[in-house]
Amino acid sequence: MNWRKDVRPNVYGRPHQAGHRCHRVGIALLLALIIKFKLHPVLSMMVSALAIGIGAGMPLDLVADTVTKGVGTTLQNIALLIGLGSMFGQILEESGGAKKIAQTFIDTFGQGHSSWALGITGLVIGTTVFFEAGVVVLIPLAFSVASQTKKSTLYYGIALLAGLAAGYAFVPPSAGSVLVAGTLSVDLGTMILVGIPTAFIAMAIAGVIWGRNVGGRIFTDVPEHFTSAEGASDEKELPSFGMVLAIVLTPLCLILLGTLSSYIPMPAELASILAFLGKPFVALTLATLVAMYLLGARRGYSGAELKALLDRSLKPVGMILLVIACGGVIRRMLQDCGLGQVIGPMLEASPPPLVVVAFLIAVMVRASVGSSIVAMTMASGIMAAMPAVAGASVLMRAAICLAICGGATALSHVNDAGFWMCSSFLEIDEKTTLKSWTVMETLIGLSGLACALVISFFA
């Protein structure tokens, strides 16, 4: 038997039900290793992937080959993007660019609409800066507004956190959206076009509206250690708003122009140039170089200081890429074991919308494991293995991406680091965090699902 070519519903020579059990047992093993035995996600996913392949009866040499190919195919499209995005975000954070955007929005919108200002700031910054870094840099501004208005910190903090979470979930070049889009073969231009309105709607519902609701019912005071002086920066030390915004929008605009160049009539030479500049790695490289000069070198940073800054930005990237790579191994193993051929007939017999299936898979992993990246990796891998998804239109696959990103954001609770970050920064107890943060994250997820369903109707 040629195992590569003979991918059948009976799962490589084993009875259909036995193959199905291998997939279920493998995924159950993954959850048990992480939740019960507290084994690191990287090791848990590797053990589970090997168990799935061996349990399905794959030859050992093919199991090893699948692991290698799973890592390679997963990282080849996203490793560079995540690294460049991290460097770009680090420069934005270090230079004070993120604070400048927030302060300008707050001044423009006025104190009465500060929740909108903070939510939009979080949305803009969340696409380029890691969530944790965004919270550290921007949460003092939410405290500053709360101290001036005498309102609950939840009123403004939830708006900011929702913007950061929604930007990270739905809009490239954030690591999560890039990962899911790459797995499902959705170009980043299309992902940006559907991701921006989805993220804005999610921010408005989960951040502004819910923030006002929970902030009006539960009063939480500004932390004692905070003073307005600590949260403010010398205006002279910050770069100009226009320059920062232009730098942030540079990669997004280039990627969008690259996508649109295929649809808008123009000279072939111009279309070729725009398509090249719109390649995500080219757009991010150019944006990072521009940021290094305008926000770094021109403001007094030496070459050595910039190098040290960029080196520091890459430290968290290694862990993220390892998790993604191991998730890619599971995806490839499930694919080579015929998961799509097992699940496909089940869906054809009683077909729920693909976006709902994607959301449910992601939200179950998220609730069980706690990590949004693991949930995105698992859900996108499982969906990519389905023949119905492989044959779907680009717009449908983009809708599935939104559903996965939404599901991987929802139901954050005590097994998620973000839950404890919110609790510690806002100085609120676990019950209050569940009532505010967990509901906020779930509303973001449901908003993503709703937008995905609407988009799927036109796919």
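Data table
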{"read-out": "Those lysines that a straight Cα-Cα span of less than 30 Å connects to residue 431, excepting residues fewer than 8 apart in one chain", "value": "36, 38, 150, 151"}
{"read-out": "Rg(Cα) / (2.2 N^0.38 Å) computed for the stretch 79-315, rounded to two decimals", "value": "1.04"}
{"read-out": "Contact order normalised by residue count of the chain, Cα under 8 Å, 6+ apart, percent", "value": "21 percent"}
{"read-out": "Relative counts (whole %) of C-alpha pair distances in the stretch 395-459, using bins that are 10 Å wide", "value": "24, 39, 22, 13, 2"}
{"read-out": "The stretch 232-323: chymotrypsin sites (Phe, Trp or Tyr not before Pro) falling in loop per DSSP and having at most 16 other Cβ within 10 Å", "value": "263"}
{"read-out": "Helix-derived mean residue ellipticity, 222 nm - over the chain, DSSP H n ≥ 4, -39500 (n - 2.57), to 500", "value": "-23000 deg cm²/dmol"}
{"read-out": "Percent RCO, i.e. relative contact order, over the stretch 79-315, from Cα pairs under 8 Å lying at least 6 residues apart", "value": "26 percent"}
{"read-out": "Pairwise FRET efficiency - residue 108 versus residue 289, Cβ, R0 = 30 Å, nearest 0.05", "value": "0.55"}
{"read-out": "Cα long-axis angle, helix 354-369 against the chain (0 to 90 degrees, to the nearest 10)", "value": "70 degrees"}
{"read-out": "Contact order normalised by residue count of the stretch 32-176, Cα under 8 Å, 6+ apart, percent", "value": "23 percent"}
{"read-out": "The chain: radius of gyration over Cα atoms, expressed as a fraction of 2.2 N^0.38 Å", "value": "0.99"}
{"read-out": "The stretch 40-54 versus the stretch 161-203: alpha-carbon centroid distance in Å", "value": "28 Å"}
{"read-out": "For peptides 201-213, 372-384, sequence by mean Cβ density within 10 Å, most packed first", "value": "372-384, 201-213"}
{"read-out": "Fully extended contour minus Cα-Cα distance, from residue 312 to residue 272, at 0.36 nm per residue", "value": "10.9 nm"}
{"read-out": "Spin-label zone in the stretch 287-329 - amide nitrogen under 17 Å from a point set 7 Å from the Cα of residue 80 along the C-beta vector", "value": "287-290"}
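Read the figures in this text as sums done on the coordinates, not as results from a lab. Small disclaimer: the values here were computed from a predicted structure and weren't measured. As a convention, Cβ positions derive from the backbone with ideal geometry for all residues, glycine included, and neighbour counts pool all protein chains shown.
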